[in-house]
Amino acid sequence: KESGEASLTDSKQMVEDFFQGSKVTLDWPESHTDASGVSLSLRMMRLLFNLLIVAAASLLKGGAIHIRIMQEGESGKRIEIKATGDAVKWDAETEALLTRPHEISVITPKTVQLYLTYRLSEELGAKLSFSAGTNELTICAMQ
């Protein structure tokens, strides 16, 4: 891989290792790794990792996380993370911390991950969108 590009295959292995032994199962097909011809920058991969932590935290009783990475147009990338389970927690405060600037003084130990994820998406120029229901949360990042 070129300098500054992440190996999706290696990253998939790291994510599988991270979730091993947890209540969260992973669905990241080979067709959405390096085999697909799509690549992510190292910084975009960091955003993916942060969004995975956010998605896993929404699964109160465990569940599954589905990852899809796609090319959008000439140079755009789309990351889609779907968290499914018996109890998905998502609220307006969480979404606000991920989509709007906040003063650092309002950030707490419980919200620092959300703040850092927002800052990373802002630096990358990635647009985050969310769709939540009782048993499902979808997070999309478009760059």
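Being free of Cβ contacts under 8 Å to residues at least 24 places away in the same chain, surrounded by 18 or more Cβ atoms within 10 Å (Cβ to Cβ) and not in a strand (DSSP E or B), is that true of even one residue in the range 57-68?
Within the range 57-68, not a single residue is free of Cβ contacts under 8 Å to residues at least 24 places away in the same chain, surrounded by 18 or more Cβ atoms within 10 Å (Cβ to Cβ) and not in a strand (DSSP E or B).
Any residue in the range 114-126 that is farther than 27 Å from Ala6 by Cα, loosely packed, with under 15 Cβ neighbours inside 10 Å and over 14 Å from the mean Cα position of the chain (by Cα)? Give the derivation first.
Restricting attention to the range 114-126, the residues satisfying the condition of being farther than 27 Å from Ala6 by Cα are none.
No, the range 114-126 contains no residue that is farther than 27 Å from Ala6 by Cα, loosely packed, with under 15 Cβ neighbours inside 10 Å and over 14 Å from the mean Cα position of the chain (by Cα).
I'm told Glu103 meets every condition in (1) at pLDDT 90 or above; (2) farther than 25 Å from Ser7 by Cβ; (3) among the charged types (D, E, K, R) except one. Can you identify the failing condition by its number?
Unmet for Glu103, out of (1) at pLDDT 90 or above; (2) farther than 25 Å from Ser7 by Cβ; (3) among the charged types (D, E, K, R): (1).
Output the number of residues of the range 69-86 satisfying the condition of being within 22 Å of Glu122 (Cα to Cα) and open to solvent by less than 50 Å² (accessible area, probe 1.4 Å).
So in the range 69-86, the residues within 22 Å of Glu122 (Cα to Cα) come out as 69-82.
Next, from what is left, pick out any that are open to solvent by less than 50 Å² (accessible area, probe 1.4 Å): 69, 76-77, 79-81.
Qualifying residue count, the range 69-86: 6.
Could you list, in sequence order, the residues of the range 87-101 that are open to solvent by 70 Å² or more (accessible area, probe 1.4 Å) and either over 16 Å from the mean Cα position of the chain (by Cα) or under 10 Å from Tyr115 (Cα atoms) (or both)?
Our first condition is that a residue be open to solvent by 70 Å² or more (accessible area, probe 1.4 Å); within the range 87-101, this holds for 89, 92-93, 100-101.
Those that are open to solvent by 70 Å² or more (accessible area, probe 1.4 Å) and either over 16 Å from the mean Cα position of the chain (by Cα) or under 10 Å from Tyr115 (Cα atoms) (or both): Ala92, Glu93, Arg100, Pro101.
Please go through the range 13-53 and give me each residue that is under 17 Å from Gln143 (Cβ atoms), in a helix (DSSP H, G or I) and either open to solvent by less than 40 Å² (accessible area, probe 1.4 Å) or of a type outside the set (S, T, N, Q) (or both), ordered by number. Steps first, answer last, please.
Of the range 13-53, the ones under 17 Å from Gln143 (Cβ atoms) are 32, 36-52.
Add one more test, that the residue is in a helix (DSSP H, G or I), and what stays is 32, 36, 42-52.
Across the range 13-53, the qualifying residues are His32, Leu42, Arg43, Met44, Met45, Arg46, Leu47, Leu48, Phe49, Asn50, Leu51, Leu52.
I need the full set of residues from the range 66-82 which are modelled with pLDDT of 95 or more, among the aliphatic types (A, V, I, L, M) and in contact with a Phe, Trp or Tyr (Cβ under 9 Å, 6 or more places away or on another chain), in order please.
Answer for the range 66-82, where residues must be modelled with pLDDT of 95 or more, among the aliphatic types (A, V, I, L, M) and in contact with a Phe, Trp or Tyr (Cβ under 9 Å, 6 or more places away or on another chain): just Ile67.
Would you mind telling me which numbered condition in (1) in contact (Cβ under 8 Å) with a residue 40 or more places away in the chain; (2) over 15 Å from the mean Cα position of the chain (by Cα); (3) closer than 25 Å to Arg119 by Cα Phe19 fails?
(2)
The values are calculated or read from the model by the stated rules, or taken from the named source; none is laboratory data. Here the structure is a predicted model, which means the values were calculated and not measured. Ideal geometry is used to build each Cβ from the backbone, glycine not excepted, and the neighbour counts take in all protein chains shown. The protein model used for the area step is the full one, side chains on, heavy atoms only, and it has no ligands, DNA or RNA in it. Shrake-Rupley method; radii C 1.70, N 1.55, O 1.52, S 1.80 Å.
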